[in-house]
Amino acid sequence: MAIAWSETAASMEALSLSPPMSPPVILTQDELKKIAAYKAVEFVESGMVLGLGTGSTAKHAVDRIGELLRQGKLSNIVGIPTSKKTQEQAVSLGIPLSDLDNYPTIDLAIDGADEVDPHLNLVKGRGGSLLREKMVEGACKKFVCIVDESKLVKHLGGSGLALPVEIVPFCWKFTANKLQKLFQGSDCVAKLRNDGEGKPFVTDNGNYIVDLYLKKEMGDLQVASDAILRIAGVVEHGMFLDMATTVIVAGELGITIKDK
Ligand SMILES: O=C[C@H](O)[C@H](O)[C@H](O)COP(=O)(O)O
């Protein structure tokens with residue numbers, strides 16, 4: 001379902017962004033992320049158990065939920081964070097938190113993605129949060145993915161960007177080599193911390209992330225997924241297949257809502 005620019009303009013107004021006087025204004029990527037996030041939060045109802053996503057797009061959704069709680073427009077929300085970073089953000093906003101042990105079924109999760117294909121399959125995890133995200137979003141009745149239009153791809157892994165894979169630190173190079181051999185010609189590079197010291201990035205779960213750069217399309221995604229997970233040492237990968245129930249895309253021409 002595409003929402004005309006006029007409705008997007010209304011969304012922009014709600015975000016105190018000046019609506020276009022004539023042709024659409026050029027929005028920054030972050031403004032588009034915010035529009036998609038705010039649209040997704042319209043699905044949130046009082047009393048819900050919410051999966052709180054991670055990343056710059058999901059951050060806007062969590063901020064919005066906190067704002068609506070403060071305004072009294074939402075109540076009795078329980079948040080299940082998908083990362084320590086989101087947990088800290090939610091605590092600062094006063095969003096009550098719990099976990100999957102206490103809430104094994106979640107009403108709604110809102111989270112971003114790195115890639116979205118036409119079948120609503122996703123690549124996630126370029127920020128290192130894929131494992132907890134996949135656990136939380138796999139426990140949801142509804143998973144609304146929020147992206148700006150730059151995330152849309154024809155084929156997962158086809159953007160030349162990485163497919164993140166979470167692996168155990170023990171003999172990680174051995175595991176990385178196994179992954180590389182799985183996909184002919186691919187490169188497998190350890191994700192490093194962004195402090196410039198060249199040390200491996202460590203996930204919230206104490207594992208490493210290797211970025212798998214594919215030289216060609218993966219073909220059958222489920223076959224590729226199963227093959228990756230069969231490698232001992234692999235914990236999880238960033239393909240979220242058949243998990244998103246709705247994808248909200250914010251673009252220069254407006255908002256598009258794609259349902260499964
Ligand atoms: O590990 C990170 C998560 O999967 C993010 O949801 C994903 O990378 C998208 O992040 P952003 O909204 O910042 O583009």
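How much accessible area per residue does region 163-237 have, counting only protein heavy atoms and a probe of 1.4 Å, in square angstrom?
For region 163-237, the solvent-accessible area averages 56 Å² per residue.
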Segment Y213-Q29, length gained on full extension (0.36 nm per residue, minus Cα span): 63.8 nm
The chain: relative contact order as a whole-number percent, Cα under 8 Å and 6+ apart: 23
Ordering of 73-83, 29-39, 225-235 by packing [mean C-beta count within 10 Å, highest first]: 29-39, 73-83, 225-235
Long-range amide H partners of I106 with built H, under 5 Å: C140, K141
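Only four residue types carry charge here, +1 at the Cβ of Lys and Arg and -1 at the Cβ of Asp and Glu. Report the dipole size of the chain about the Cα centre in Debye, rounded to the nearest 20.
520
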Accessible area of region 163-237 belonging to carbon and sulfur atoms, whole % at 1.4 Å probe: 53
With eigenvalues of the C-alpha gyration tensor scaled by 5 and rooted, the chain, Å: 31, 22, 16
Amide H partners (placed H, <5 Å) of I255, local residues excluded: I3, T8
From phi via Karplus (6.51, -1.76, 1.60), per-residue ³J(HN,Hα) for region 172-187 in Hz, x at Gly/Pro: 5, 5, 4, 5, 4, 5, 4, 5, 4, 6, 5, 10, 3, x, 7, 10
Vicinal HN-Hα couplings computed from phi for region 195-211 (Karplus, 6.51 cos²θ - 1.76 cosθ + 1.60; Hz; Gly/Pro x): 9, x, 8, x, 8, x, 5, 10, 6, 4, 9, x, 9, 9, 10, 10, 9
Distance histogram in 5 Å bins (all Cα pairs of region 47-100, percent per bin): 4, 24, 37, 24, 10, 1
Placed amide H near I146: partners under 5 Å, 5+ positions off or other chain: D111, G112, A113, I248
Counted charge near G251, where neighbours are those whose Cβ lies closer than 10 Å (Asp, Glu -1; Lys, Arg +1): -3
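The values are calculated or read from the model by the stated rules, or taken from the named source; none is laboratory data. Remember, predicted model here, so these are calculated numbers, not experimental data. Every residue, glycine among them, receives a Cβ derived from its backbone with ideal geometry; neighbour counts consider all protein chains shown. These accessible areas exclude ligands, DNA and RNA; they are computed on the full protein's heavy atoms, side chains included. Shrake-Rupley method; radii C 1.70, N 1.55, O 1.52, S 1.80 Å.
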